[in-house]
Structures are given as C-alpha cells and as structure tokens.
Amino acid sequence: MRLSFDALSGIFSKVQNAFAEKDGDSVIGVDIGTSSIKIVQAKRVRGTAVLETYGEIALGPYASAEVGQAVNPTAEKIGEALVDLIKEANVTAKAGGIAVPLSASLINVITLPTKDPNDLASMIPIEARKYIPVPVAEVALDWFVIPEEEAEFLAAQGQVRKPNSTDVLLVAIHNQALAKFETAAKTASLTPSFFEVEPFSMTRAAYEHGTAPTMVIDMGASGTRIYVIEFGIIDVSHTVARGGQDLTLALAKSSGLTFTEAEVMKRDKGLAGSEVGTAALDFMFAEARRIFLTYQRKEGKSIARVVLLGGGAELKGLKEVASRYFDAPIMVASPFDKVAAPAFIADVLKSAGPSFASAVGLALRGLQK
C-alpha cells in the first residue's frame with residue numbers, strides 16, 4: 001500500500017469530523033490500474049465537494065508479483081484487493097464510478113451529414129462499424145454531440161467544416177472489460193453507477209480547462225499514455241510501451257538490486273544521481289515531443305501546457321527532465337485541489353495526487369448526478 005492505513009485512520013476520522021453539516025450521498029471513484037487500485041470517497045457539502053477518505057493498494061501481491069509490478073489479475077483477485085482496500089481506507093459508500101482503461105476502449109470524433117437528432121440516433125450505430133475493429137455486438141457504445149462552437153475550435157486552422165453536419169464523440173468499450181470490472185465490483189459489494197474511459201475522468205480533475213489545447217502525459221506502471229485534449233475532447237491519443245516499471249527494472253539491473261529494493265529507491269530518491277533512470281525517461285519524453293510538434297504543425301495551434309499525471313509523475317526530478325523537451329509550461333497534476341480537505345493533510349494529498357487523478361475525477365462526476 002502507498003501509506004500505512006493504520007497511521008492514516010486517525011487522519012480520515014478527523015477529515016470526516018471536520019465537516020459536521022453534510023448533505024447528499026457519499027460517492028466513490030475507483031481506478032483499477034495495472035499495478036494498483038486507487039479509491040476516493042467524496043460527498044457534497046453545502047455545494048462543495050468534500051474529500052472523506054482515499055487509499056491505494058498494490059495489485060502485485062494478489063498476482064504473485066512484487067509491489068509496483070504491472071500485473072493482470074483475475075476479476076476475483078481484483079475483487080479481493082478491493083475488499084481489503086475498502087476495509088483499510090474506511091470506505092463506506094457503495095455507489096460511484098469505475099474507470100475503464102483506454103486499452104479496453106476506442107474513442108473517435110466522427111462527422112455525420114445531418115443535424116437531426118433522430119437521424120443521428122439511427123446513423124451512429126451503423127457508422128460506428130467503420131471505426132471499431134470488432135463486431136459492434138462485442139462493445140458498449142456511447143456518444144455525445146459536440147456543440148457547434150466547440151466543433152469550430154476543434155477544426156484545424158484553415159479547415160472548412162461541411163454545412164449541415166454534426167461532429168459526434170464516439171466511445172466504445174469492450175464488453176469483456178466491463179464484465180471483468182462488474183465482477184470485481186460485485187465481489188466487493190459495490191454498485192457501479194457508471195463506467196468512464198480513463199482519460200475523461202483524469203482530465204476532469206487534473207487541470208482547469210480552457211480553449212487552448214493541452215497535452216496530458218499519464219505515466220503508468222506498464223505504459224505511458226499521451227493525449228492532446230481540447231475542450232475536453234481527445235484530439236490525439238498515443239501509447240508508449242514504457243512506464244514506471246521499466247524505470248525500476250533499469251535501476252535494479254544497473255545497481256544489482258532486487259525489484260523491490262529498486263522500487264523503494266526510486267520512490268525515495270527519484271532521479272537524483274541516476275543516469276539510468278533519466279535515460280529510460282528520455283525515450284518516453286522524446287516520443288511525447290514528437291507528438292507535440294506534429295500536432296502543432298498539422299493543426300496550426302500551439303499547445304498551451306503539458307500536464308504530468310499518473311504514478312510515475314510523483315517521481316522526484318521528473319518536472320525538470322520534462323522541461324527540456326517542451327516549449328510550454330510543465331505542471332504536475334494536483335487533483336485533490338478539486339475537493340475540500342483539512343489543511344493538515346495538504347502535503348500528503350499534494351504528493352499522492354498525480355496517481356489519483358482518475359479516481360478523483362470519477363468521484364466529481366458522481367457528485368454531479
């Protein structure tokens with residue numbers, strides 16, 4: 001686990017007691033990653049989202065692996081981990097959202113030659129077949145119409161949009177992924193209110209949205225996801241098959257350490273004095289820079305900022321390394337800023353924040369329902 005829940009239990013009780021007058025139901029956001037599960041419980045209090053508790057548990061031990069290693073446990077093992085996490089973090093809510101990884105979904109912006117809502121409803125399932133590489137029966141489809149003003153902004157500079165057309169954000173999630181998460185949730189006696197593709201929940205909590213494009217770099221254990229997002233719409237998505245686990249393996253090999261020892265060293269010291277760690281990051285950021293420059297050249301727009309999030313974004317010295325690759329401000333996500341919490345745990349939340357972006361974003365959406 002990230003922190004000792006015994007040590008944090010007193011903090012959580014103080015968080016809950018710090019707000020005596022409460023309204024609305026508590027909701028949870030659950031982010032099931034490749035190396036850990038993150039959970040956030042929040043409640044609406046006088047119009048403000050209030051953090052009630054949060055926690056993280058490593059999945060490695062549930063799949064005969066080490067803490068920090070990327071694994072693919074069964075739904076039942078994920079459910080066991082959820083049960084332990086809920087108990088240790090004092091989670092009381094049962095309903096909320098669960099994140100679906102981008103690898104189990106497909107996102108496309110499609111243009112349809114009509115503005116009639118009735119025509120859209122009938123055309124979208126048919127049109128979706130052109131963009132989904134599996135039978136439509138094997139996925140759950142969702143979509144929403146992009147407002148005209150936003151569609152104009154999303155168009156590349158100089159591009160003329162077709163008259164009497166509608167831009168639609170199409171999302172498809174594989175039924176097998178949904179079934180796996182539903183089974184895990186049932187094992188933990190949770191009732192998912194909704195499922196959401198990870199980039200949407202992450203960006204809801206990671207930064208304040210504006211009209212200019214933003215690059216988001218999500219540094220997970222098994223891979224790094226790179227997005228360019230404008231108006232909350234994903235213009236570009238790309239996955240680099242390098243992540244935090246690769247940094248740990250490189251450090252372990254160069255220093256003659258076990259995986260566990262190298263993981264502890266990485267978390268404690270970051271990139272300080274580690275040429276191996278820096279070299280491993282260079283590949284990720286070089287690929288992100290290529291996407292950064294290609295997007296700006298192709299779309300004729302400047303990317304306003306680069307946001308780092310995910311467990312890898314907690315690495316000490318990472319922001320300084322990233323700044324060498326991008327001609328834009330670099331920021332590390334601080335999603336817990338979107339919820340109210342007592343000041344005495346602010347430093348803990350700031351440190352843990354980058355890896356909780358998706359879980360916080362899910363909870364925020366749950367509070368909007």
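Where a number appears in this text, it was derived from the coordinates with a stated rule and is not lab data. Computed from a predicted structure; not experimentally measured. Every residue, glycine as well, gets a Cβ built from its backbone with ideal geometry; the counts of neighbours run over all protein chains shown.
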> What's the longest piece of the chain with no exposed GluC sites (Glu not before Pro), counting a site as exposed if DSSP puts it in a loop and it has at most 14 other beta carbons within 10 Å?
Replying inline: 22-207
>> Could you work out [θ]222 nm for the chain from helices alone, using -39500 (n - 2.57) per DSSP H run of at least four and dividing by all its residues? Round to the nearest 500 deg cm²/dmol.
In response: -11500 deg cm²/dmol
>> Can you find, among Gly60, Val321, Leu251, the residue sitting farthest towards the positive end of the charge dipole of the chain, where Lys and Arg contribute +1 and Asp and Glu -1 at Cβ?
In response: Val321
>> With a 10 Å cut-off between alpha carbons and a GNM built on the chain, which of Leu120, Leu308, Leu141 moves the most?
In response: Leu120
